[in-house]
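Quick one: this structure, given as structure tokens, is what I'll be asking you about.
The values are calculated or read from the model by the stated rules, or taken from the named source; none is laboratory data. None of these values were measured; they are calculated from a predicted model. Don't worry about glycine lacking a Cβ; one is built from the backbone with ideal geometry, like all the others, and counts go over all protein chains shown. Surface areas here come from the heavy atoms of the whole protein model, side chains and all, with no ligands, DNA or RNA. Shrake-Rupley method; radii C 1.70, N 1.55, O 1.52, S 1.80 Å.
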Amino acid sequence: MSLTMIKKPETSNRTIPNTSKNIVFDTDDLNLWYGDTHALKNINLSINEKEVTAIIGPSGCGKSTFIKTLNRMVEMVPSVRTSGDIKYNEKSILEKSFRVEELRTRVGMVFQKPNPFPKSIYENVAYGPKIHGIRNKKVLDEIVEKSLRDAFIWDEVKDRLKENAYGLSGGQQQRLCIARTLAIEPDVLLMDEPTSALDPISTLKVEELVQKLKEDYSIVIVTHNMQQAARISDQTAFFLNGEVVEFDETEKLFSNPSDQRTEDYITGRFG
Amino acid sequence: MAVVIPVTVIIGIGTALYLELYIKRGSIQSIIQTNIANLAGVPSIVYGILGLTVFVRAMDFGNIVLAGGLTLSLLILPIVIVAAQEAVRSVPQHLSEASYGMGATKWQTIRRIILPAALPGILTGSILALSRAIGETAPLTVIGIPALLMAHPGGIFDKFTALPMQIYYWTLDSSLVDEYANLAAATIIVLLLLLFILNSVAVLIRNKFQQRL
């Protein structure tokens, strides 16, 4: 579980798209190993505030690992080592002194499989505020309603808040999980293939939701689905074998990729 | 019972949580794990002798409820620990991930997510272990508790006897007094009923919570 910081003297091949936006996450020569497996290699990415950044790439290329590093969830795996630096709003988050609980309160995460708690819909959304010390019933009620509204699921569940969340459909569960994450009022939303377990209609709803949420949140979304990345993101990073092959404006990356491997991937020649 | 339940449940759950969620995987962890598994298989008479040495003699409790309860606790503790570990392990990882992902600390996650989800498993395991303790005779014989039917013990420092002990002595003496055989038979029925009820409760709890998940 220990994160050892080793400064590597390698030169950085920084790829910053030319924008004037505020940067919320900035990684500097980020490397990560699972035991002996080198999973992330010299990642230099800047993630803009209030935009959607998509991470695409074939399975096992490190894209999930990358976003799990952004809220340090990757530490749940024993034998993980990292080097390099990640700055979140100018602060280095890989340092031991940085409290992960605080980081994860600011950087919420939605997982691949909908994972509501085996509790009522209300309790699911109220969980985050409760662990952060909010006890007042009225305040909780307001947070729950606002979060569910923001996740476009309020109308479907408002009459059954006390029912178990497992009674919802997969798509509803995923939007509930998004509401649950919104309830802790994060700045950044990390989404790890949030639609891969959903049907097309639920997927569409989540995509619309992402479009809406980027007005208030910075979103990093990992996706298998290139059309999805093209539809919803502003920036796209293409990962291959733990490296960032190309990182650019989504439009440019899909219409005029500068790397042959990117072109091969997005035209479906492999992956 | 008043001694056995709190002792085993508290120590059992604590040990299980420690072994599952806190200890580093390694040689120490595997040694403890193997030992607990082995202890679960040690004959109860051995625990009786241990109880006699430690609680009755060394700590000088005498043959009171506390000494008997602690001895029986030792006997079923490994079973409770293994059952609780199994229950904690079977809580899906994605639930605790979701909790950690929202900035919950380890303890908050354990208390609000892992323990509630593991509770039915822990309860079932504990009740089954408890029903084993109720039927145990050997360790109590060794501790030397009296076979006389006497006044109901008022507290944990009083002398006591146990249902299986009554059965044992009444059966032994049934050649002397005929009525003892009837008494033994009646006691057996009471004991079996008690076990039956406990085990039913365990099954009911399991069924009730399984539906929820």
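Of the listed pairs A:162/A:212; A:96/B:106; A:91/A:252; A:50/A:91; A:63/A:91; A:146/A:252, which have alpha-carbon separations greater than 25 Å here? Each step should come with its number before you reach the end.
Details: A:162/A:212 27 Å; A:96/B:106 16 Å; A:91/A:252 30 Å; A:50/A:91 18 Å; A:63/A:91 22 Å; A:146/A:252 36 Å.
Where the Cα-Cα span goes over 25 Å, the pairs concerned are A:162/A:212; A:91/A:252; A:146/A:252.
May I ask you to rank B:66, A:40, B:50 by accessible area, largest first, using a 1.4 Å probe over the protein chains only?
Descending accessible area places them as B:50, B:66, A:40.
How many square angstrom of accessible surface are buried between B and A, both sides summed, with a 1.4 Å probe and rounding to 100? Write down the numbers at each step before the final one.
Numbers: alone 11970 and 12860 Å², together 22930 Å².
Counting protein atoms only, the buried area is about 1900 Å².
Could you pull out the longest piece of chain B with no exposed loop trypsin sites (Lys or Arg not before Pro) in it, calling a site exposed if DSSP puts it outside H, G, I, E, B and it has at most 13 other Cβ atoms within 10 Å?
Working: sites that count: B:24, B:25.
Looking at chain B, B:26-213 is the longest stretch - no exposed trypsin sites (Lys or Arg not before Pro) with at most 13 other Cβ atoms within 10 Å.
If I fit a long axis through the Cα atoms of helix A:137-150 and take the longest principal axis of the Cα atoms of chain A, what angle between them do I get, 0 to 90°, rounded to 10?
Relative to chain A, helix A:137-150 is tipped by roughly 50 degrees.
Quantify, in whole percent, the carbon and sulfur part of the accessible surface of segment B:4-161 (1.4 Å probe; protein heavy atoms only).
On segment B:4-161, the fraction of accessible area on carbon and sulfur atoms equals 69 percent.
Which GluC sites (Glu not before Pro) from segment A:82-150 combine a DSSP loop assignment with at most 12 other Cβ atoms within 10 Å?
A:90, A:95
Sort A:155, A:259, B:158 from largest to smallest accessible area, using a 1.4 Å probe on the heavy atoms of the protein chains.
Heavy-atom accessible area, descending, gives A:155, B:158, A:259.
To continue, here is another question. Under the classification rounded if a/c is under 1.5, otherwise prolate if a/b is larger than b/c and oblate if not, where does segment B:4-161 fall, given a ≥ b ≥ c as square roots of the Cα gyration tensor eigenvalues?
Values: a/c = 2.76, a/b = 2.11, b/c = 1.31.
Prolate, since a/c reaches 1.5 and a/b exceeds b/c.
Still on this model: Give the Rg (one decimal place) followed by the Dmax (whole number) of chain A, computed from C-alpha coordinates and expressed in Å.
Expressed in Å, the Cα Rg and Dmax of chain A come to 18.6, 59.
So which trypsin sites (Lys or Arg not before Pro) in segment A:67-131 pass both tests, a DSSP loop state and at most 13 other Cβ atoms within 10 Å of the Cβ? Walk me through the numbers on the way to the answer.
On the way: sites: A:68, A:72, A:81, A:87, A:91, A:96, A:99, A:104, A:106, A:119, A:130; in loops: A:72, A:96, A:99, A:119.
Here the sparse-neighbourhood loop sites are A:96, A:99.
Divide by every residue of the protein assembly as shown the summed helix terms, -39500 (n - 2.57) for each DSSP H run of at least 4, and state the resulting mean residue ellipticity at 222 nm, rounded to the nearest 500 deg cm²/dmol.
Working: 20 runs with 236 residues, N = 484.
Calculated from helices alone, the mean residue ellipticity at 222 nm is -15000 deg cm²/dmol.
Let me ask something else. Given +1 on the Cβ of Lys and Arg, -1 on the Cβ of Asp and Glu, and no further charges, what dipole in debye does the protein assembly as shown carry about its Cα centre, rounded to the nearest 20?
Value, rounded to 20: 680 debye.
Further question: How much length, in nm to one decimal, is gained on full extension between residue B:38 and residue B:60, taken as 0.36 nm per residue of separation minus their Cα-Cα distance?
Contour length minus the Cα-Cα distance gives 5.1 nm.
Then there's this: Could you give the angle, 0 to 90 degrees to the nearest 10, between helix B:163-172's Cα long axis and the longest principal axis of the Cα atoms of chain B?
30 degrees
Any chance you could check the Cα centroid distance between segment B:2-29 and segment A:222-238 for me, in angstrom?
Distance between centres, Cα-based: 46 Å.
Quick one: angle between helix A:200-213 and the longest Cα principal axis of chain A, in degrees between 0 and 90, rounded to 10, please.
80 degrees
On to the next question. Apply the Karplus parameterisation 6.51 cos²θ - 1.76 cosθ + 1.60, with θ equal to phi minus 60°, to every residue of segment A:226-238 and state each ³J(HN,Hα) to the nearest whole Hz, in sequence, with x for glycine and proline.
Computed from phi, the couplings for segment A:226-238 are 5, 4, 4, 4, 5, 5, 10, 9, 9, 10, 9, 10, 9 Hz.
Classify segment A:162-226 from the C-alpha gyration tensor, please: rounded if a/c falls under 1.5, else prolate or oblate depending on whether a/b exceeds b/c.
It is oblate, given that a/c is not under 1.5 and a/b is not larger than b/c.
Let me ask something else about it. Percent relative contact order of chain A, based on C-alpha pairs within less than 8 angstrom and at least six residues apart?
26 percent
Counting pairs of Cα atoms in the protein assembly as shown, how many percent are more than 41 Å apart?
38 percent
Report the accessible area of residue B:187, computed with a 1.4 Å probe over the heavy atoms of all protein chains in place, in Å² rounded to the nearest 10.
10 Å²
Full-extension gain between residue A:76 and residue A:145, please, as 0.36 nm times their residue separation minus the C-alpha to C-alpha distance.
21.7 nm
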